[in-house]
1. Probe radius 1.4 Å, ligands and nucleic acids ignored: give me the carbon and sulfur share of the accessible area of the stretch 225-356 as a rounded percent.
2. Could you please report the charge total around residue 395, scoring K, R as +1 and D, E as -1 over all other residues with beta-carbon less than 11 angstrom from its beta-carbon?
3. Once a ≥ b ≥ c are taken as the square roots of the eigenvalues of the Cα gyration tensor of the stretch 32-151, is the result rounded (a/c under 1.5), prolate (a/b larger than b/c) or oblate (a/b not larger than b/c)?
4. Leaving out ligands and nucleic acids, and using a 1.4 Å probe, what accessible area per residue does the chain come to in Å²?
5. Rounded to the nearest 10 degrees, what's the angle between the helix 139-151 long axis and the longest principal axis of the chain, both from Cα atoms, 0 to 90?
6. Which percent, to the nearest 5, of DSSP beta bridges fully inside the stretch 35-167 are antiparallel?
7. So what is the relative contact order of the chain, in percent, for Cα pairs below 8 Å that sit 6 or more residues apart?
8. Can you tell me the relative contact order of the stretch 1-141? Whole percent, Cα pairs under 8 Å, sequence separation 6 or more.
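The values are calculated or read from the model by the stated rules, or taken from the named source; none is laboratory data. These figures come from a predicted structure and were not determined experimentally. Quick reminder, even Gly has a Cβ in these numbers, built from the backbone with ideal geometry, and neighbours come from all protein chains shown. Heads up: the accessible areas ignore ligands, DNA and RNA and are worked out on the full protein's heavy atoms, side chains in. Shrake-Rupley method; radii C 1.70, N 1.55, O 1.52, S 1.80 Å.
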Amino acid sequence: MSLKAFRGAFLDFIDDPFYVSEAESVRYFADGLLVLEDGKVKALGAYDSLQESYADIPVITYPDMLIMPGLIDTHIHFPQTEMIASYGEQLLEWLSKYTFPTEGKFKDKAYAQEIASFFLDELLKHGTTTALVFAAVYPESVDAFFEEASRRHLRMIAGKVLMDRNAPAFLVDTPETAYTESKQLIQKWHKHDRLLYAITPRFAVTSSDKQLQLAGQLLAEFPDVYMHTHLSENVKEVALVAELFPDSDGYLDVYDRAGLVGDKSVFAHGVQLTDAEFQRLSKARSAIAFCPTSNLFLGSGLFKLKQAKSVEYPVKVGFGTDVGGGTSFSMLQTSSEAYKVTQLRGQKLSAFQALFLATLGGAKALSLEETLGNFDPGKEADFIVVNPRATPLMARRNPTPIADSLEALADQMFATMILGDDRAIHATYIMGELAHGQSGVV
Ligand code: GUN
Ligand code: ZN
């Protein structure tokens, strides 16, 4: 049994601030103590109230820092790391011109390993400790990713991309190879260490109906694996899906008829969803990955966050960076762009709502809320140390290091998410061990 403790300011969420008040959803200790046992949370409380019970164990202190649960990215592509910030196109042309040629390189396992390692370094540097990740069509790319994630003891979800049409020949599989290779990868990687598998049809444009049907069959055989795809991102894409599936009753229905819409399904984007589709997602308990930097960069549109988080038809929502369609690995920058999307819709997104989406909300979207997402006892201790004064400008905007009220904290965290990026991530811990950044004071 190994016990250790961290002292600092702590912020996490115990409920959803879209539906209940901040007082009921935000947990904050200006001077707190987090006690860990074997990499999991044993206790979190005010330093004064816990300190006596744990007087003998080593304490690592982070003065003037804020400790939060690790950030969760519910949609990202590791093979698109090197093609981030590619100029001038919207979705379909961007895929043909930049994405497909880049993903073709991932047949080479050594190259896939190199990028997987760089990609995971970037995630940890930006405070992201769990992600739902697209690999490429090649099984080698999945092996490369999971091998590297396993070496670092990360909780990651990923899968081989399924695509059997409307793409270059070097990048397509068949319905049968997609099924067989995915099944082998599930047997090899699902629940190996902290890793989990997602059946990953790219989107309805690049999968035949047969391939989607077989993916649905595989999901029925392994009901605790995830289903991860793109949905209703771009206007031209939605029109093309209607042409390719003339018998369907809309984009979501294409997936629904294949048995791919369930409570472990995560759909990236959903910018163009209809009211009926939002209702169907709510009923199916599926999740949407809201990817604001990508939706703005690719000119896809403004996601209807308020509709997704409605009381009548609530849909689980997490944030996705969608790198390389997205322009930053940072969930702080993603929060900042999400705020601007809501502004353009005449709505608001508070710092607490954004940070909820980036932590416990993301965990709920990935059905991992019993495992991580906040500091409840028994949860895996993946957490980050945030410096709200990381740059000279942030230090001027946040003159007081430790907020003494929820109101002051809301203001401080709002400025941190608008101005912050990887520079604000002072340290990242995985299962209670330092994985990036600065160690605290012992
Ligand atoms: N739709 C199908 N493939 C992709 C992709 O790689 N990125 C984004 N943003 N949308 C997609
Ligand atoms: Zn994507």
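1. Answer for the stretch 225-356 is 51 percent, counting heavy atoms of protein chains only.
2. +2
3. Prolate, because a/c is 1.5 or more and a/b exceeds b/c.
4. 37
5. That helix lies at roughly 10 degrees to the long axis.
6. Antiparallel: roughly 25 percent of the beta bridges in the stretch 35-167.
7. About 20 percent, as a whole number.
8. 24
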